[in-house]
Amino acid sequence: MEVRKYIVILFLFMSQFSYAADERQKDKSLVDEALKSALADQYISDEEYANLEGKYNGLINKYPNWYAGYDGLTTLSMFKGDCNSAIQRAKNANSKQPNLPSFYALTVCYTKLEQYQYAIEAANSALSLDDSILNNTQFLIFSALSYTEVGKYEVAMNLLGMALKANPEIKSNTQFLSVGKNLATRMQEKSGAQ
């Protein structure tokens, strides 16, 4: 009889946990839909920004130990071009739970701030967490730029090759071409110096 009681309690606990996770995901989905709607025209007004920031802060207040609210704030900061804020928010998200969107944001923002070693560390963390990130061409391009800047040309070349394999149409992307040209120049300089 006692074992049955524990099974029932465990079942009730798991049901509540599942319900809480479903509610949490539902809350996040509602806020994410608002963000997608605002991003559709590639512009977020100050009013929309404040509204979305309030909604993501609401997620943080409701679920303080869950990373998703912080990730939403990270996205908003990146959209506004505030990499310093995005880095802080991504670090907060990762302190709750290491996650791919935060490591992606750290890779991009550290690269933009020319803190290449930190960008590489974030990229490596993203890769160790989930190698599906290798299908994200932006991630690969920013990582390649960081590796180029620290003199790891072979790694950078491999990353650009992966980006091309993931999306062959990227060969006409100006950012891809710029990083490739920078890499080629650096490699030429290195071979000329030897």
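The values are calculated or read from the model by the stated rules, or taken from the named source; none is laboratory data. Source: prediction; values computed, not measured. Ideal geometry is used to build each Cβ from the backbone, glycine not excepted, and the neighbour counts take in all protein chains shown.
General observations
- Test result for SER143, in the same structural domain as ALA184 (by TED's automatic domain parsing), part of a helix (DSSP H, G or I) and either without any contact (Cβ under 8 Å) to a residue 12 or more places away in the chain or not basic (Lys, Arg) (or both): yes
- Leading residue by the ranking (nearest to the chain's Cα centre (by Cα)) among those in the range 57-106 that are among the charged types (D, E, K, R) and outside any loop (DSSP other than H, G, I, E, B): ASP71
- Yes/no for LYS171 being charged (D, E, K, R), assigned to a helix (DSSP H, G or I) and outside the structural domain of THR74 (by TED's automatic domain parsing): yes
- When the criteria are applied in full, LEU52 fails the requirement of being assigned to a helix (DSSP H, G or I), on the phi < 0 side of the Ramachandran plot, modelled with pLDDT under 90 and in contact with a Phe, Trp or Tyr (Cβ under 8 Å, 6 or more places away or on another chain).
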